[in-house]
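The values are calculated or read from the model by the stated rules, or taken from the named source; none is laboratory data. Treat the numbers as computed from the prediction; the structure is a model and nothing was measured. Quick reminder, even Gly has a Cβ in these numbers, built from the backbone with ideal geometry, and neighbours come from all protein chains shown.
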Amino acid sequence: MGLKKFAAAAVLTALSSTAIADSHSVKVGMITTLSGGGAGLGIDVRDGFMLAIAQSGRDDITVVIEDDQRKPDVAVQLSDKMIQSEQVDILTGIIWSNLAMAVVPGAVAQGKFYISPNAGPSALAGRGCHPNYFNVAWQNDNLHEAAGAYANSTGYTNSFILAPNYPAGQDALTGYKRLYEGELAGELFTDLGQTDYASEIAQIRASEADSVFFFLPGGMGISFLKQYADSGVDIPVVGPAFSFDQGILQAVGDAALGVANTSQWSKDIDNPANTAFVESFRAEYDRLPSLYASQGFDAANLILSAMEVADVHDQDAFRAALQAADFDSTRGDFTFGPNNHPIQDFYVREVVQEGDLFTNKIIGTALQDHGDVYAAECTF
């Protein structure tokens, strides 16, 4: 069965009132963004996740997929429906940190596992941590901490920084400032979903900045980069991979060439699992995978690895199996810290052009075996 037919069958099976669950089967509820400005991120997480499920060949895992429309109230309604009516064992899929904050605490309080393939707000990594909450991607600050470390190594001493005013944006600027050793030429919070950055670019132009750090994921990053390139401002920019991801680069084009960005994943990480993932994803979907797709793929493989050794209904055993992270990650070395967030390497990538395709290549390592500062506040 082809992957697209497999995914459709998985959803139909999940919605069928006559489906009979085996005692060892697992039912996953995926709430992600499949429409609107952030749809590309959710689609990539979904596609990476479903690719891993299809490759596993297992028939004892069912996935219910719903669109949260990037609205916290919709996400909460879907979570309640999945827990109470669909009786899922595991929830996953949320892209945006404000939605994660609305859904995750209630889900784990009801005895469900939540496996985050993206959003990693600091509030859930520290004092708000929970033994049933795992983040397979990163803690929100991490890629921005790596950008701060890279800025130091490059000799930048006066950065202008900006991000959207929501939990991930707040964590982004906190993360950058944590490791960045220079001064700030300016600091701005923009509106979530903003598309016009004329005012912000004017402030950057008027500043004495020697660099610009920005976190603007999805369509926000596309708008900013295009407007920044058109403005003629030639101050170098640094950012996390979210603003230079595979889907974004094709829309931005030449404006992104040569820009350095930080990521825990890249298509050219040299290990067998990643090579096979990139090839199989491209063959199935006719596009290169993004870091979001790699995170969805790893999230599914984490769940599958736990299913090999434990029954999801034996929560202690299944939790221990998740914590062991006994799967071949696309990132290579991967372990969970004491707060169920990854300890991993973070790379510096450069935007390049390969034929007609804009993509990234690794040019260095910003941080090695890096966790997050909030783990010290987590007590299970």
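Out of 241, 306, which single residue is more than 26 Å from residue 90 (Cα to Cα) and among the hydrophobic types (A, V, I, L, M, F, W, C)? Steps first, answer last, please.
Details: 306 fails: more than 26 Å from residue 90 (Cα to Cα).
Criteria check complete, one pass: 241.
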For this session: Determine if the stretch 270-293 includes at least one residue that is among the aromatic types (Phe, Trp, Tyr), in a loop (DSSP other than H, G, I, E, B) and either under 20 Å from the mean Cα position of the chain (by Cα) or not assigned by TED's automatic domain parsing to the domain that holds residue 368 (or both).
Result: no
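Residues are listed down the side, and each one gets a yes or a no for (1) surrounded by 19 or more Cβ atoms within 10 Å (Cβ to Cβ); (2) touching a His at 6+ places or on another chain (Cβ under 9 Å):
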position	(1), (2)
45	yes, no
56	no, no
63	yes, no
69	no, no
99	yes, no
131	no, no
138	yes, yes
146	yes, yes
150	yes, no
For this session: Note down all Cβ pairs under 7 Å where the first residue falls in the stretch 254-265 and is over 23 Å from residue 141 (Cβ atoms), the second is assigned to a loop (DSSP other than H, G, I, E, B) and at pLDDT below 95, and they're at least six residues apart or on different chains.
Result: 256/244
Seminar exercise, completed: Exactly one of 93, 57 is at pLDDT 95 or above, of a type in the set (Gly, Ala, Ser) and more than 22 Å from the chain's Cα centre (by Cα), and that one is 57
Problem set entry | Single unsatisfied condition, residue 154 versus (1) in contact with a helix residue (DSSP H, G or I) (Cβ under 8 Å, 6 or more places away or on another chain); (2) closer than 17 Å to residue 346 by Cβ | (1)
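To keep it simple, each residue is scored yes or no on (1) more than 20 Å from the chain's Cα centre (by Cα); (2) not in a strand (DSSP E or B); (3) not assigned by TED's automatic domain parsing to the domain that holds residue 171.
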{"position": "301", "(1), (2), (3)": "no, yes, yes"}
{"position": "317", "(1), (2), (3)": "yes, yes, yes"}
{"position": "322", "(1), (2), (3)": "no, yes, yes"}
{"position": "327", "(1), (2), (3)": "no, yes, yes"}
{"position": "358", "(1), (2), (3)": "yes, no, no"}
{"position": "369", "(1), (2), (3)": "no, no, no"}
Problem set entry | Of all residues making up the stretch 208-227, the number that are crowded, with 19+ Cβ neighbours inside 10 Å, closer than 28 Å to residue 138 by Cα and more than 21 Å from the chain's Cα centre (by Cα) | 2
For this session: Mind listing whichever residues of the stretch 168-183 are under 12 Å from residue 147 (Cα atoms) and among the charged types (D, E, K, R)?
Result: 177, 178, 181
Exercise. Residue 258 versus (1) assigned to a helix (DSSP H, G or I); (2) surrounded by fewer than 24 Cβ atoms within 10 Å (Cβ to Cβ): which is the lone unmet condition?
Worked result: (1)
For this session: Answer yes or no: is there a residue in the stretch 141-153 that is over 16 Å from the mean Cα position of the chain (by Cα), outside any helix (DSSP H, G or I) and of a type in the set (Asp, Glu).
Result: no
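Look at residue 347 and say whether it is under 21 Å from residue 263 (Cβ atoms) and not in a strand (DSSP E or B).
Numbers: under 21 Å from residue 263 (Cβ atoms): yes; not in a strand (DSSP E or B): no.
No; evaluated as a whole, the condition is false for this residue.
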Problem set entry | Every residue from the stretch 167-212 that is out of contact with any strand residue (DSSP E or B) (no Cβ under 9 Å at 6 or more places or on another chain), modelled with pLDDT under 95 and assigned to a loop (DSSP other than H, G, I, E, B) | 195
